[in-house]
Amino acid sequence: MESLLSRIEPFFTFQHPSLAVVLVTLLALLGGYYRFRVSPLLGKKLPPGSLGFPLVGESIGFMRAQKIDKTKQWIDKRLVKYGPVFKTSLMGSPVIVLTGQAGNKFIFSANDALGSNQPVSVARILGDHSIFELDGKRHKLVRGAMMSFLRPESIQRFVGEMDAIVKEQLLQELKGKDSVQVVTMMKKVTFKVTCSLLFGLPEGKEKDALLEDFTIALKGAWAIPIDFPGTIFRQACQARDRITTVITKLVERRKKEMEEGKEAPREDVISSFLNLRDEEDQSLTKDEMIDNIVSMIIASHDTSAIVLSLLLRHLARDTHVYEAVLEEQTEISKTKEGKDGMLRWSNVQKMKYTWRVAQELMRVTPPVFGNFKRTTKDTSFGGFDIPKGWQVFWIACATHMDEKIFEEPEKFDPSRFGNPSKSAPPYTYIPFGAGPRACPGVDFARIEIMLILHHLIINYKWTELIPDEAITREPMPYPAMGLPIKLHPRKDMVNCN
Ligand code: HEM
């Protein structure tokens, strides 16, 4: 009997135990996928669209379109095929794209079905405690600390200081040069302004290395989240780790100085974070501070650098707008308020036409293409179900280039702004987002952009060295070759204000 049993072959045998492990794992994954991804969707009316391949989704096509500045076309193709609400999958998450004024209003107004939650790659770079990930009381607490520096009343106090940093940096970047690469220069200047005014970061090699790491980290924030040697995402994660080390040292040094009773020359974001207490009198954790410092640096310097680079590109091509900006800035330079020759808040308030040019530029080429929210519960919009846990994506160009909202949208026309008869309806002009999570840095950015442009146009005319240089999005829209320009000085930078 025993020998008989030993001769009976089981119905199915595994020659290799590892094969069994693989099969069981696959079945478990499929079971999990069905239970968590498929079964909650049964019976729901999802918007039309394609989720593409697992994990990768439609990210490759989307990113390719970004690279050649054809993202609007990528969106338009889906708008035509599926309508104003459609589904896709980007950067590792299923996404519902909402377009148009109603879609924007649904996303931007206080809506308890929508929370903040970025795609996997963005969250890894900004950190789990970033303001972009926070909701409710914690979001209000951190945003309040940032706003204490970014509201107009606070900025007014340091416009002169900002002007001095801008002049010094421009002088350093431009002195003795007859050509310059605009993108690199603008990144350096805006990084210096952010780091000095908001964080008191000292000059030196560490600061230069930090700028390079921020550039790498930002590229990876919108990459496919494959953490494998050589991928953009892996490089970005490594850059983020190096950034964490530097900022941790900075926070610890400042904490020690505060404990020793040494006051910072001026209160900045780090000291404000260190002094912050929640309703239970608890301070922010170290990770909360680091993630929010990183988020603020990423949110602030690259966006302003883009607007400035694109402004210089536009002004080199559009003589009419260039002359009008020059005229306004020349007038302002004659009536500077500060006895020290620095521009002040009131001077910048007079730069009305120049700011309208920047606003029109951000309509045509929004620096932030769009952003993600995540549903905290099942919800619906436009007759479609949006399941809990899905990403919802708003897109600026979908309303910015809509001819029903902006007459002749392809035409560059700064007079759209400041003309009440042409003013855009709510939730349609959204380069800074809208609602309770709208960009808190809008005034900081406006002042910084106006100051930098003032000094450049008062001192130089410029021409592009690469005619018709294209735009690429990485994910921000930069001139593809960094916008090299030839400088034609009006007078010596050193003698001018
Ligand atoms: C031209 C420059 C800028 C543009 C176009 C811009 C655009 C935006 C956009 C579109 C959002 C997202 C809104 C949303 O998701 O609903 C945002 C958020 C944010 N921006 Fe800006 N930004 C600029 C400059 C700045 C500056 C200079 C700072 C800081 C000094 C800053 C700090 C932030 C922060 C902290 C958030 C998160 C707000 C929150 O979640 O409550 N930004 N910005």
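The values are calculated or read from the model by the stated rules, or taken from the named source; none is laboratory data. If you're wondering where the values come from, they're calculated on a predicted model, not measured in any experiment. Virtual Cβ from ideal backbone geometry, glycine too; neighbours counted across all protein chains shown. Note: areas computed on protein heavy atoms with side chains; ligands, DNA, RNA excluded. Shrake-Rupley method; radii C 1.70, N 1.55, O 1.52, S 1.80 Å.
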Query raised in the report: Quick one: which of GLU323, GLU328 is of a type in the set (Asp, Glu), at pLDDT 95 or above, in contact with a helix residue (DSSP H, G or I) (Cβ under 9 Å, 6 or more places away or on another chain) and outside any loop (DSSP other than H, G, I, E, B)?
Result: GLU328
Query raised in the report: Which residue, of LYS187, LYS255, LYS207, LYS167, is touching a Cys at 6+ places or on another chain (Cβ under 7 Å) and either surrounded by 15 or more Cβ atoms within 10 Å (Cβ to Cβ) or of a type in the set (Phe, Trp, Tyr) (or both)?
Result: LYS207
Query raised in the report: What do you reckon, is VAL159 touching a residue at least 40 places away in the same chain (Cβ under 8 Å), farther than 30 Å from LYS491 by Cβ and either more than 22 Å from the chain's Cα centre (by Cα) or assigned by TED's automatic domain parsing to the domain that holds PHE233 (or both)?
Result: no
**Report entry** Condition met for LEU171 (part of a helix (DSSP H, G or I), over 15 Å from HIS301 (Cβ atoms) and either in the same structural domain as ILE247 (by TED's automatic domain parsing) or under 25 Å from the mean Cα position of the chain (by Cα) (or both))
**Finding:** yes
Requested in this report: May I ask you to verify whether MET147 is within 15 Å of the ligand (Cβ to nearest atom) and open to solvent by 40 Å² or more (accessible area, probe 1.4 Å)?
Outcome: yes
Query raised in the report: Of all strands (runs of 3 or more DSSP E) completely enclosed by the range 348-435, which ones contain at least 2 residues that are within 16 Å of the ligand (Cβ to nearest atom)?
Result: 370-375, 391-395
Query raised in the report: Among the helices (runs of 4 or more DSSP H) confined wholly to the range 193-307, which include 1 or more residues that are aromatic (Phe, Trp, Tyr), within 16 Å of the ligand (Cβ to nearest atom) and within 24 Å of the chain's Cα centre (by Cα)?
Result: 205-221, 269-275
Report summary line: Checked pairs for the range 39-67, first aromatic (Phe, Trp, Tyr), second modelled with pLDDT of 75 or more and open to solvent by less than 70 Å² (accessible area, probe 1.4 Å), C-beta under 7 Å and 6 or more apart or across chains, list as PHE62/TRP74; PHE62/LEU90
Query raised in the report: Going by the conditions given, is HIS488 more than 18 Å from the chain's Cα centre (by Cα) and crowded, with 17+ Cβ neighbours inside 10 Å?
Result: no
Report task. Only one of these is of a type in the set (A, V, I, L, M), within 22 Å of GLY49 (Cβ to Cβ), crowded, with 17+ Cβ neighbours inside 10 Å and more than 13 Å from the ligand (Cβ to nearest atom): VAL97, VAL122. Name it. Result -> VAL97
Query raised in the report: Just to be sure, is ILE457 in the same structural domain as ARG356 (by TED's automatic domain parsing), assigned to a helix (DSSP H, G or I) and either surrounded by fewer than 21 Cβ atoms within 10 Å (Cβ to Cβ) or within 16 Å of the ligand (Cβ to nearest atom) (or both)?
Result: no
Query - Residues satisfying the stated conditions in the range 125-136, i.e. within 14 Å of the ligand (Cβ to nearest atom) and in a loop (DSSP other than H, G, I, E, B) - result: GLY127, HIS129, SER130, ILE131, PHE132, GLU133, LEU134, ASP135
Query raised in the report: When you scan the range 363-380, how many residues do you find that are open to solvent by less than 40 Å² (accessible area, probe 1.4 Å) and either touching a strand residue (DSSP E or B) at 6+ places or on another chain (Cβ under 7 Å) or of a type in the set (A, V, I, L, M, F, W, C) (or both)?
Result: 9
Query raised in the report: Quick one: is PHE86 in contact with a Lys or Arg (Cβ under 6 Å, 6 or more places away or on another chain), among the hydrophobic types (A, V, I, L, M, F, W, C), open to solvent by less than 10 Å² (accessible area, probe 1.4 Å) and touching a residue at least 12 places away in the same chain (Cβ under 8 Å)?
Result: yes
Report summary line: Here the residues within the range 66-81 that are farther than 11 Å from THR472 by Cβ, open to solvent by 60 Å² or more (accessible area, probe 1.4 Å) and either out of contact with any helix residue (DSSP H, G or I) (no Cβ under 7 Å at 6 or more places or on another chain) or not assigned by TED's automatic domain parsing to the domain that holds PHE384 (or both) are LYS77, VAL80, LYS81
